[in-house]
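The values are calculated or read from the model by the stated rules, or taken from the named source; none is laboratory data. The structure presented is a predicted model; accordingly, all values stated were derived computationally and were not measured. All Cβ positions, glycine included, derive from the backbone under ideal geometry; neighbour counts span all protein chains shown.
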Amino acid sequence: MNSTNIKDPEYFHKVVDCQYACPAHTPVPEYIRLIAAGRYSDAYLINWESNVFPGVLGRTCDRPCEPACRRGRVEEEPVAICRLKRVAADNKTDDVLMHMPKGPFAPNGKKIALIGGGPASLTVARDLAPLGYEIHLYDDQELGGGMMRSQIPAFRLPESVLNEEVDYILRLGIHTHFKTYVNSMKEVLEKDYDAVFVGTGAPKGGDLPKLPGRWDAADHIHIGIQWLSSVAFGHTDKIGRKVIVLGGGNTAMDCCRTARRLGGEEVKVVVRSPFKDMKASPWEIEDAMREDIPILNCMPPKEFVIENGKLKGVLFEKVKAVYDENGRRSLVPTGEPDELIEADDVLVAIGQENSFPWIERDLGIEFGKWDMPVLDKTTFQSTLSKVFFGGDAALGPKNVITAVAHGHQAAISIDLYCREKDLFERPAPTTNLIHMKMGIHEWAYDSAVVPDQRYKVPHAVKEVTLVNRKMEVELGFDQPTGFKEAQRCFNCDVQTVFNTSRCIECDACVDICPTSCITFTANGEEEDLRTRLTAPAINLEQDLYVSDNLPTGRVMVKDEDVCLHCGLCAERCPTAAWDMQQYLYAVTKATKILV
Amino acid sequence: MSYQRPVFRHPSLSKNEVGFTRADYEGAISTLCAGCGHDSISGSIAQACYEMSIEPHRLAKLSGIGCSSKTPTYFLGKSHGFNSVHGRMPSVATGALLANKDLIYLGVSGDGDTASIGMGQFVHAVRRNLNMVYIVMNNGCYGLTKGQDSATADAGSINKSGSANPFQAIDLVGLGLELGATFVARSFSGDKTQLVPLIKAAISHPGFALIDVLSPCVTFNNNPGSTKSYDFVRAHMEATATVDFVPEKKEITVDYDEGTSRRLKLHDGSYIQLQKLADNWDPMDRDSALVALNEARAKNEILTGLLYVQPESRNLHGLLNTVDTPLNELKEEDLCPGAATLDSINQGFR
Ligand SMILES: Cc1cc2nc3c(=O)[nH]c(=O)nc-3n(C[C@H](O)[C@H](O)[C@H](O)COP(=O)(O)OP(=O)(O)OC[C@H]3O[C@@H](n4cnc5c(N)ncnc54)[C@H](O)[C@@H]3O)c2cc1C
Ligand SMILES: Cc1ncc(C[n+]2csc(CCOP(=O)(O)OP(=O)(O)O)c2C)c(N)n1
Ligand code: SF4
Ligand code: SF4
Ligand code: SF4
Ligand SMILES: [Mg+2]
């Protein structure tokens, strides 16, 4: 293999598994260390710069970082990255405001329209307002936040938390036009906006229009996401005693738990597919089951059963999953009799779609497959150069953190576009490597690796939460538990940096390394090298760090896979050929936020 | 902080035949200097015992005094151990060995511990052919007492303070051959591919197995001009042959060229497979080993690898014709069979 180019900003970035997996590339270990140090406001600001909604995300993020976390490959469970973020948000003080950009900003003469007030648009607003853009945000709801407000139930995300973080942005001087549904893109384009950002989400909920009985009991059959927003805005405050929720995704989980709080005593989730194939996050399923909601699997609905003009229930078929030789699944009837489950109300939570009825198709904005806008994946620019998309509106329903990541990139594009610059000359990430050595056995980070298992977030008791839909279920870590959980982080951003010219090949690092990461051996092709190491490098997603040729003709090969970043290799190295250096990597934003 | 080693190990560590992973052969975290050759030898010993599926409680570690003699704390933490007085490990080993012939004895010593203060003890251990592995971690100096030249320092070798050693060196493998050691090898701490199989073969050998391992002292004897530095040893190392250890149960599948390779059957049924033999050297001919050693020395080379082995050696227990049951398991009635037996013996003399 060629020797590793550690100057490539992505090499060490990739070693920080959590940060690399985060769509917004939040510097996770950096904020976790700040939490351990009790510097909650600083930890909050690090998050705020990257992901804009730390308090929201610390409660609701889809957390792609956690399955990626290195700790999960070494012991049972990853670091509770997401819930640590909440510790930062819960314990921050008002001094965070001092470090956020403050208006009024000198106008730069450009006007931007943001359609939709969800996390994508709000991120664009935050990144562009400090540059002097005049920003107009349009949303049909009464307040900003998009689906964070209309869909994510208050028992998972208290309104006060959302309001605080939406306000951090609106107070930058954003011109808001709430309760304003935009019904013509043509009209928007006719106004004097220099650029338009579409962040309207994926607002259309899936339905079962052809299922027999669907239209005979329409009053008691609700589309999940419409029903949730009607609950969120106080238009709906009760539901029947027996409720069936159709669907196995996160929306279904929110629907069933909300139904429990609105008078649903016998709430059942019924899913077509087997339990293990359910789309909902495991922790959301767990939370629903904890609220005494049974989940019935392998039961596709056959018809809504109507008796005397009234909904009686839903008739389900019984199926089982059969897999062909390519692993493709099909659901085949088991032959068991169909089952009628009684219900007073049914919530249909079977998917979500984009819909752009308000964008005229003759404006030069091209739509492609599934009626989705044709976009450049890097710049988020549509085929009409002044129109950009982001969030669920760009690539279909995802999650808040993805919407934020899109917002950052779209903001850069809009800024480049308004300054008539090349949209593809994007700013490089900011990177920095800092020596961590303080003494022979002393580092500027806590290098000791604690054996603690993941701590559980405490919950409020059901007796209280099930009678009040706004009562938050999760209580969050207190400070001492937050500290202990923070200590579980391996500090993967503190990199093992190898200096070939200093190495005397004494093997000290090989002998001390607890997880057998290091090998001195003859070079070879990657495939072959991976089998010849102290421990075979079977995780192909993790890179091998290969040195230049050493005096014996061998090379140093380090498998990054399960390195604990404990620093022992560097402590045991007599010549400091190994050094522990903190790698700071930050996605560059349109505005430098933390100065 | 290196006084704490994380508890986590590589998730895919495999278990050996007795159900242990490599981690089960570790000891406490080392307190030696960073980069000390001795730590690598500790690693090789642990690796060899893991690969041979030795149950840790079946092995006893014995040592004297010195950085080298401290190492038994840093490997095989679940084995027996005795850290004796400076240079006196052989007598403790003799006693332990006579008391319990069922354990595997692993002696660890330094060049000071063996070739200076312990010389008188060492030679008798060889002469009596104790059934033990005797590893000398040879750095040419007294590491623990801050690097004075030892008796194995080569004449002219320059120490850290800059002065050349005026005295002749004692070559421990030469001495071992001369005294009739039945397994003699030399290796280098930085060459685990050679050292691990040698340790395994030494453990399989039924008599005194000496391995002189060059083990640079990074703190006091790794300077230019030293003949025991990493650079010097690497530049001057020659091997008699490459060594593979083939355990008794494993079938030999690789074809070796008869002309340049040799397979030696050990007492317990395992093999040493040697490849690319040095010219005019026969591992079972002590004289050829001495010649090879002298020739290498004349060429300023450090000859490593297996030098001599006498697979069917008669060790102390064989020479003394001791009973099969270890002494420490003999009961009072075995040792003191009673008046009637005494009478019948006495009758025999009438
Ligand atoms: C039930 C449910 C639960 C969810 N839970 C989570 C979760 O726990 N964690 C997570 O990360 N994600 C969750 N999501 C997904 C997440 O809410 C979305 O991915 C995210 O909000 C998308 O952000 P966005 O900015 O693209 O658009 P949205 O948040 O969808 O905001 C778009 C806004 O634009 C408005 N709008 C649409 N069209 C127009 C128009 N023509 N004129 C004016 N306004 C318009 C909409 O009313 C809305 O307010 C959930 C989604 C649902 C449905
Ligand atoms: C009876 C006695 N004399 C002297 C000493 C001092 N002493 C301690 S270690 C040592 C030399 C050790 O040298 P070596 O065996 O080569 O070990 P190294 O530290 O080099 O590995 C000496 C002389 C002692 N501990 N006991
Ligand atoms: S251990 Fe810490 S730094 Fe490493 S991936 Fe997990 S959270 Fe990130
Ligand atoms: S920091 Fe060094 S010693 Fe620690 S696990 Fe990583 S490679 Fe091994
Ligand atoms: S003084 Fe020399 S022999 Fe002793 S631990 Fe340090 S490097 Fe090793
Ligand atoms: Mg010594």
Checklist outcome for this item: Of all strands (runs of 3 or more DSSP E) fully inside the range B:1-111, the set with 2 or more residues that are away from every other protein chain (no Cβ under 14 Å), touching a Gly at 6+ places or on another chain (Cβ under 8 Å) and within 29 Å of residue A:440 (Cβ to Cβ) is B:59-63, B:104-110
Item to check | Qualifying positions in the range B:195-215 - within 14 Å of chain A (Cβ to nearest Cβ) and either within 16 Å of ligand 6 (Cβ to nearest atom) or buried (at least 24 other Cβ atoms within 10 Å of the Cβ) (or both) | outcome: B:195, B:213, B:214, B:215
Checklist entry - Is one or more of the residues making up the range B:78-85 more than 16 Å from ligand 3 (Cβ to nearest atom) and either modelled with pLDDT under 95 or over 23 Å from residue B:203 (Cα atoms) (or both)? => result yes
Next on the checklist: Just to be sure before I move on: is residue A:521 among the β-branched types (Val, Ile, Thr), more than 21 Å from residue A:582 (Cα to Cα) and away from chain B (no Cβ under 12 Å) in the structure I sent?
Outcome noted: no
Checklist entry - Which one is nearest to ligand 3 (Cβ to nearest atom) among residues in the range B:52-75 that are over 22 Å from residue B:144 (Cα atoms) and surrounded by 21 or more Cβ atoms within 10 Å (Cβ to Cβ)? => result B:54
Item to check | Scan of the range A:539-551 for residues that are more than 11 Å from chain B (Cβ to nearest Cβ) and not hydrophobic (A, V, I, L, M, F, W, C), ordered by number | outcome: A:541, A:542, A:543, A:545, A:547, A:548, A:549
Item to check | Which listed residue is away from ligand 5 (no atom under 16 Å from the Cβ), polar (S, T, N, Q) and touching a Ser or Thr at 6+ places or on another chain (Cβ under 9 Å), from A:552, A:500, A:531 | outcome: A:500
Checklist entry - Taking the stated definitions as given, is residue A:579 farther than 30 Å from residue A:40 by Cβ and not in a loop (DSSP other than H, G, I, E, B)? => result yes
Checklist entry - Of these, A:422, A:452, which one is more than 16 Å from ligand 4 (Cβ to nearest atom), within 14 Å of another protein chain (Cβ to nearest Cβ) and not in a helix (DSSP H, G or I)? => result A:452
Next on the checklist: Looking at the range A:574-589 only, could you name the residues that are within 14 Å of another protein chain (Cβ to nearest Cβ), of a type outside the set (S, T, N, Q) and surrounded by fewer than 23 Cβ atoms within 10 Å (Cβ to Cβ)?
Outcome noted: A:574, A:576, A:579
Checklist entry - Which of the residues spanning the range B:118-140 are away from ligand 6 (no atom under 16 Å from the Cβ) and among the aliphatic types (A, V, I, L, M)? => result B:123, B:125, B:126, B:130, B:132, B:133
Next on the checklist: So residue A:536 ticks every box in (1) facing chain B (nearest Cβ under 10 Å); (2) modelled with pLDDT of 95 or more but one. Which box is left unticked?
Outcome noted: (2)
Checklist entry - Name the residues in the range A:233-287 that are in a strand (DSSP E or B), in contact with a Leu (Cβ under 8 Å, 6 or more places away or on another chain) and without any contact (Cβ under 8 Å) to a residue 40 or more places away in the chain, would you? => result A:269
Checklist outcome for this item: Taking the range A:58-77 and keeping only residues that are away from ligand 3 (no atom under 15 Å from the Cβ) and buried (at least 20 other Cβ atoms within 10 Å of the Cβ), one is left with A:59, A:60
Checklist entry - Quick one: how many residues across the range A:488-518 are away from every other protein chain (no Cβ under 11 Å) and either surrounded by 17 or more Cβ atoms within 10 Å (Cβ to Cβ) or of a type in the set (Gly, Ala, Ser) (or both)? => result 12
Next on the checklist: As an exercise: evaluate residue A:340 against (1) of a type in the set (A, V, I, L, M, F, W, C); (2) buried (at least 17 other Cβ atoms within 10 Å of the Cβ); (3) under 18 Å from residue A:271 (Cα atoms) and give the number of the one condition it does not meet.
Outcome noted: (2)
Item to check | Selected residue (criterion: nearest to ligand 2 (Cβ to nearest atom)) from residues of the range A:339-396 that are polar (S, T, N, Q) and in a loop (DSSP other than H, G, I, E, B) | outcome: A:378
Checklist entry - How many residues, within the range A:130-149, are near ligand 1 (Cβ under 6 Å from one of its atoms) and at negative phi? => result 6
Checklist entry - Restricting the search to the range B:136-175, which residues are within 14 Å of ligand 5 (Cβ to nearest atom), of a type outside the set (S, T, N, Q) and in a strand (DSSP E or B)? => result B:136, B:137, B:141, B:142, B:149
Item to check | Failed criterion for residue A:263 (all others in (1) over 19 Å from residue A:223 (Cα atoms); (2) surrounded by fewer than 17 Cβ atoms within 10 Å (Cβ to Cβ); (3) not charged (D, E, K, R) hold) | outcome: (1)
